[in-house]
Amino acid sequence: METSEKSDTDIRFVCRGTFVHSTAEEALQILEDALLGVDSEGKIAFIGEGKELQKLSENFGFSPSAVTQLQQHEFFMPGMIDTHIHASQYSYAGTALDMPLLQWLNTYTFPVESHFQDLEFAKKVYTQVVKRTLRNGTTTACYFATIHTDASLLLGQIANDFGQRALVGKVCMDRNDAVKYYRETSEESQEETYRFIKELLNKKYPLVKPVVTPRFAPSCTEALLAKLGEIAKNNKLHIQSHISENLEEVELVKELFPNSESYTDIYHKCNLLTDKTILAHGCHLSDEELVLFRKTGAALSHCPNSNISLCSGVLNVRNVLNHKVKLGLGTDMAGGYSPSILDAVRRALDSSKVLTIQDPEHKTLSFEEVFRLATLGGSQALSLDERTGNFKVGKDFDALRVNVAAPGGPIDVIQNEKPQSLNSHMRLSSSTCSLAGDDRNIVEVFVAGKKVVPFSEP
């Protein structure tokens, strides 16, 4: 039994059933017939066994009859964490995947993002993306917005209103020769970044924080990158950007920054590689660059759907893990066409199998390993693992109530004639839901102990 130090904790609710999560020691741990209590602040107060019900109810002052009992085929898992998503690109997700990265940005992305100076348009898109990702089980999202400060602040407000944990970034870019009407001057970018950070922090949203967001090296001068590194350091903020997504981009970076040893070195020289940095893709990073990631504590976001959809490359996750670099999963909408981290789980497994096809010596990722990337790994990549990512006393209760046999869902549960242990059954159920399920299997979503799905409109 694991409990908080305070037995006088005010308990908000208690659930009993199977809990599936990851730990540092186990990629997939199954807690059978477990009792989990959530306090009035939305934090996990205790985790015990079902047989300890009477003792726990006396210690924490709740009625055994008030315990929520999970049904057959149900389990709780940690909320999923999207470490890289472009909220502004949701309006055209699932289309416009007929070009490689740089041409795709100039033809589709920058023209669409320029419309977000219209706050009514921004409100419509951002409301839809927050609701859609929550329905798909994303309890924490690391969002790119656009260069527009007021619309970026609006995204933070909407995430807060619907109860999603979020890092929100106003995009910075002072170089864009292809679409000249969608860029800032270096001074504008710095000033508006300061304003964005100040105004968002002044809102005092409990779960929504700013993240310093240079779009990527090709769209920023070195002077702006260095200034953004300074801003992040002085305000102790997270940093997000892109790195080594496709080969054409890598070559362009070499031309633009001839005095840097590598793509990673550019960010490092500008103080943008910290233990609160998350960089997306990294398909073409060298081992030397991964060593630098490890030394600085910077993390990678693996976006397998986008990597394949834009023909950018295939990240060797096994090599990243072997270098002990922090790693989470990202949807990267709209380069990735799905807003679901469940899809990212599947694509990560597929990508790993492609590498095994190419090299039979490659050790394919297991479902359990990718489950950890979708939950605990994501929280570690965002340096939020002290608050979320798995079921530990003192952490916020960010969780999904999953029903493998949800009515009208995509999974037909066929009873095996041979009896299985509960542990084996739940391991199979969690794998089945992750690989064949969708939002219909996610019946409830909790963030910091508050039920946010089904929705109650803000």
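Tabulated results
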{"item": "Filter result (within 17 Å of PHE144 (Cβ to Cβ) and touching a helix residue (DSSP H, G or I) at 6+ places or on another chain (Cβ under 6 Å)) within the range 313-330", "result": "GLY328, LEU329"}
{"item": "Number of the exception - GLY297 against (1) open to solvent by less than 10 Å² (accessible area, probe 1.4 Å); (2) under 22 Å from the mean Cα position of the chain (by Cα); (3) closer than 28 Å to PHE196 by Cα", "result": "(1)"}
{"item": "Close pairs from the range 429-443: first under 12 Å from GLU74 (Cα atoms), partner open to solvent by 40 Å² or more (accessible area, probe 1.4 Å), Cβ under 8 Å, at least 6 apart", "result": "ASN441/PRO410; ILE442/ARG135"}
{"item": "Some residue of the range 71-80 being over 30 Å from LEU252 (Cα atoms), without any contact (Cβ under 8 Å) to a residue 24 or more places away in the chain and of a type in the set (A, V, I, L, M)", "result": "no"}
{"item": "Members of the range 32-76 found to be open to solvent by less than 50 Å² (accessible area, probe 1.4 Å), farther than 15 Å from VAL14 by Cα and either in the same structural domain as GLY137 (by TED's automatic domain parsing) or out of contact with any Gly (no Cβ under 8 Å at 6 or more places or on another chain) (or both), listed by number", "result": "HIS73"}
{"item": "Odd one out for SER88 among (1) modelled with pLDDT of 95 or more; (2) over 27 Å from the mean Cα position of the chain (by Cα); (3) of a type in the set (S, T, N, Q)", "result": "(2)"}
{"item": "Hits in the range 381-412 (condition: touching a strand residue (DSSP E or B) at 6+ places or on another chain (Cβ under 9 Å), of a type in the set (Asp, Glu) and assigned to a loop (DSSP other than H, G, I, E, B))", "result": "ASP398"}
{"item": "All positions within the range 300-337 that are open to solvent by 30 Å² or more (accessible area, probe 1.4 Å) and under 14 Å from CYS142 (Cβ atoms)", "result": "LYS326"}
{"item": "Condition met for LEU97 (open to solvent by 30 Å² or more (accessible area, probe 1.4 Å), in contact with a Leu (Cβ under 8 Å, 6 or more places away or on another chain), farther than 24 Å from ASP396 by Cα and not polar (S, T, N, Q))", "result": "yes"}
{"item": "Residues that are open to solvent by 50 Å² or more (accessible area, probe 1.4 Å), assigned to a helix (DSSP H, G or I) and either among the hydrophobic types (A, V, I, L, M, F, W, C) or free of Cβ contacts under 8 Å to residues at least 40 places away in the same chain (or both), drawn from the range 354-380", "result": "VAL354, ILE357, GLN358"}
{"item": "The range 147-193: number of residues that are of a type in the set (D, E, K, R), farther than 21 Å from ILE81 by Cα and open to solvent by 40 Å² or more (accessible area, probe 1.4 Å)", "result": "9"}
{"item": "Residues of the range 170-183 satisfying the condition of being in contact with a helix residue (DSSP H, G or I) (Cβ under 7 Å, 6 or more places away or on another chain) and at pLDDT 95 or above", "result": "LYS170, CYS172, MET173, ASP174, ARG175, TYR182"}
{"item": "Residue that is nearest to VAL317 (Cα to Cα), among those in the range 271-294 that are polar (S, T, N, Q) and open to solvent by 10 Å² or more (accessible area, probe 1.4 Å)", "result": "SER286"}
{"item": "Tally, over the range 107-154, of residues that are in contact with a strand residue (DSSP E or B) (Cβ under 7 Å, 6 or more places away or on another chain) and of a type in the set (Gly, Ala, Ser)", "result": "4"}
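Per-residue answers, yes or no, for (1) assigned by TED's automatic domain parsing to the domain that holds ASP396; (2) open to solvent by 20 Å² or more (accessible area, probe 1.4 Å); (3) of a type outside the set (A, V, I, L, M); (4) within 17 Å of the chain's Cα centre (by Cα):
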| site | (1), (2), (3), (4) |
| --- | --- |
| HIS115 | no, yes, yes, no |
| VAL129 | no, no, no, yes |
| ARG132 | no, yes, yes, yes |
| ARG135 | no, yes, yes, yes |
| THR139 | no, no, yes, yes |
| ALA145 | no, no, no, yes |
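The values are calculated or read from the model by the stated rules, or taken from the named source; none is laboratory data. Keep in mind the model is a prediction, meaning the values are calculated, not measured. No Cβ is skipped: glycine too gets one built from the backbone with ideal geometry, and neighbour counts run over all protein chains shown. For accessibility, only protein heavy atoms count, side chains too; no ligands or nucleic acids. Shrake-Rupley method; radii C 1.70, N 1.55, O 1.52, S 1.80 Å.
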